[in-house]
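Here is the structure we will look at, set down as structure tokens.
The values are calculated or read from the model by the stated rules, or taken from the named source; none is laboratory data. Predicted model only: the values in this text are computed from it and were never measured. Backbone-built Cβ (ideal geometry, glycine too); neighbour counts: all protein chains shown. The accessibility values were calculated without ligands, DNA or RNA, using every heavy atom of the protein model including side chains. Shrake-Rupley method; radii C 1.70, N 1.55, O 1.52, S 1.80 Å.
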Amino acid sequence: MTDTDVVVIGAGLVGAAFALAASRIGFRVDLLSNAGPPMPPGPNPGRVYALSQGSRALLQSIGVWQRLDPARIQAVVGMRVSGDRPGAGIDLDALDGGVEALAWIVESDAVAWALAEQVATDDGITCRCRAHPVSLRIDAGAAHVALADGSSYRAALLVGADGRDSWVRTEVGIRVRGRNYAHQGVVANFTAERAHGGIARQWFRTDGVLALLPMPSKQVSMVWSAPDAVAADLMALDDGALCERVMGATGDCLGTLRLVTPPSCLPITLGHARQLVGPRLALVGDAAHNLHPLAGQGVNLGLRDVGALCRILGADVRREPGAVSVLRRYQRSRREDVATMIALTDGLQRLFSSRLPGIAWARNRGLDLVSRLPHLKGLLLQHALR
Ligand SMILES: Cc1cc2nc3c(=O)[nH]c(=O)nc-3n(C[C@H](O)[C@H](O)[C@H](O)COP(=O)(O)OP(=O)(O)OC[C@H]3O[C@@H](n4cnc5c(N)ncnc54)[C@H](O)[C@@H]3O)c2cc1C
């Protein structure tokens, strides 16, 4: 049996970042992943994330941002959000916020690889791939985790970072509130004829929310969060027809599009764990909350969990990491941010998918109003930058 300070189950972006941040505080960390080791990013970009300033700062503080190839990072200097009536929309500019960028577009594979490289150099972390936990028992003194290969761990703190279908959360009986949107996120990358100028564009349409995120070399990454039937239509199109469909839906704003990475599709759900903590346990990332991707906030919210939990754990290292008071403080500290993000993404999703008379007028008028009120725009900017 391995005796350790912290066992982290799940080595996605959030779990691996937590392991690195916890090791910096001085804890011995065992990071368990049921997947194989990450591979270096290939020549063509796959999925991308829009990382906020706060996420970038956290990745810098754990030595990961520095490992990313700057040529494969795109700064977002502006955002254009359009309603479903011509002319309705909001423009946000990094200059208005007094910052160099509103966000940075990074490839998911590149971040996963940089995290894995950094974990490999960290003496405080032992990482195991293809580790399949089969049982979990928590008593007053420790969390006990047993793996399918017969090995086991005893830790002062267990961190569940195992994604939206979290095994940890199920094992300890924490229930989830939420709903299935019956939407899919269709993601694909294109090369655009015209320069995107570092602008992230988003359209709230009657057939879903469509975003084109800028990437280096005149490429853009599409996330089209569409009702199941529309998503199935999009997935059935051949390359040329998909380009035509996206060009039509975006008013040809970037000229001719050419497909670089074929479309893939992910279900979109809302899920929020009723508790983020239990005895000797904390949930982070999608295991704690998963959101509609329309605000591109999933990873950012997860990394803010990591920042909050590590700040609280680091504030008093003499205290055991699994102490109830420490875990309660973490839960309290995350309440407002998580609730705001859920209200924002779920509210916008409901508003723009409603077919009720008058709602279409009201939502477009709302976008126009926000765009004319500097104070409200400022609030939106502050949120985008967290
Ligand atoms: C279409 C779409 C677009 C998105 N775009 C953005 C964006 O632009 N910006 C953004 O911030 N977010 C975005 N998100 C959200 C983002 O993908 C998630 O929030 C993020 O991946 C969550 O990271 P995580 O590490 O918590 O979970 P995951 O990425 O799900 O990682 C969980 C890890 O745990 C492992 N695991 C699972 N079960 C076990 C087990 N039993 N034992 C051991 N290991 C286990 C898995 O192998 C995996 O490695 C998007 C989501 C969708 C659907």
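In this structure, Gly251 qualifies as at pLDDT below 95 and more than 23 Å from Gly298 (Cα to Cα).
Selection within the range 47-73: residues that are among the small types (Gly, Ala, Ser) and within 13 Å of the ligand (Cβ to nearest atom). The member of this set that is farthest from Cys265 (Cα to Cα) is Gly54.
The number of residues in the range 19-34 that are open to solvent by 50 Å² or more (accessible area, probe 1.4 Å) and within 14 Å of the ligand (Cβ to nearest atom) comes to 1.
With touching a strand residue (DSSP E or B) at 6+ places or on another chain (Cβ under 6 Å), under 19 Å from Leu234 (Cβ atoms), outside the structural domain of Leu291 (by TED's automatic domain parsing) and of a type in the set (Gly, Ala, Ser) as the only criterion, which of Ala188, Ala200 stands out?
Testing whether each residue is touching a strand residue (DSSP E or B) at 6+ places or on another chain (Cβ under 6 Å), under 19 Å from Leu234 (Cβ atoms), outside the structural domain of Leu291 (by TED's automatic domain parsing) and of a type in the set (Gly, Ala, Ser) leaves just Ala188.
Scanning the range 278-298 for residues that are of a type in the set (Lys, Arg) and within 7 Å of the ligand (Cβ to nearest atom) yields nothing.
Out of curiosity, is Ser217 open to solvent by 30 Å² or more (accessible area, probe 1.4 Å), of a type in the set (Ser, Thr, Tyr) and out of contact with any Asp or Glu (no Cβ under 9 Å at 6 or more places or on another chain)?
Yes: the conditions hold for Ser217.
Which of the residues belonging to the range 110-133 are assigned to a helix (DSSP H, G or I), surrounded by fewer than 18 Cβ atoms within 10 Å (Cβ to Cβ) and out of contact with any strand residue (DSSP E or B) (no Cβ under 8 Å at 6 or more places or on another chain)? Of everything in the range 110-133, just one residue is assigned to a helix (DSSP H, G or I), surrounded by fewer than 18 Cβ atoms within 10 Å (Cβ to Cβ) and out of contact with any strand residue (DSSP E or B) (no Cβ under 8 Å at 6 or more places or on another chain), namely Glu117.
Within the range 128-150, residues that are over 18 Å from Arg169 (Cα atoms) sit with their Cβ atoms under 9 Å from residues that are hydroxyl-bearing (Ser, Thr, Tyr), at 6+ positions apart or across chains, in these pairs: Arg128/Ser33; Arg128/Ser151; Cys129/Ser33; Arg130/Ser33. If Ala182 satisfies every condition in (1) over 30 Å from Asn34 (Cα atoms); (2) open to solvent by 40 Å² or more (accessible area, probe 1.4 Å) but one, which is the exception? Only one criterion is unmet by Ala182, namely (1).
Out of curiosity, is Ala143 touching a strand residue (DSSP E or B) at 6+ places or on another chain (Cβ under 7 Å) and not aromatic (Phe, Trp, Tyr)? Give the steps one after another, and end with the answer.
Working: touching a strand residue (DSSP E or B) at 6+ places or on another chain (Cβ under 7 Å): yes; not aromatic (Phe, Trp, Tyr): yes.
So Ala143 fits the description; yes.
Meeting the requirement of 1 or more residues that are within 15 Å of the ligand (Cβ to nearest atom) and of a type in the set (Phe, Trp, Tyr), the strands (runs of 3 or more DSSP E) wholly within the range 162-239 are 176-192, 219-227.
Of the residues that make up the range 293-309, is at least one polar (S, T, N, Q), touching a helix residue (DSSP H, G or I) at 6+ places or on another chain (Cβ under 9 Å) and closer than 27 Å to Arg179 by Cα? Yes.
Of all residues in the range 240-281, those satisfying the criterion of being free of Cβ contacts under 8 Å to residues at least 40 places away in the same chain and either open to solvent by less than 10 Å² (accessible area, probe 1.4 Å) or assigned to a loop (DSSP other than H, G, I, E, B) (or both) are Gly251, Asp252. Out of (1) charged (D, E, K, R); (2) buried (at least 21 other Cβ atoms within 10 Å of the Cβ); (3) in contact with a Pro (Cβ under 8 Å, 6 or more places away or on another chain), what's the single condition that is false for Arg169? Looking at each condition in turn, Arg169 falls short on (3).
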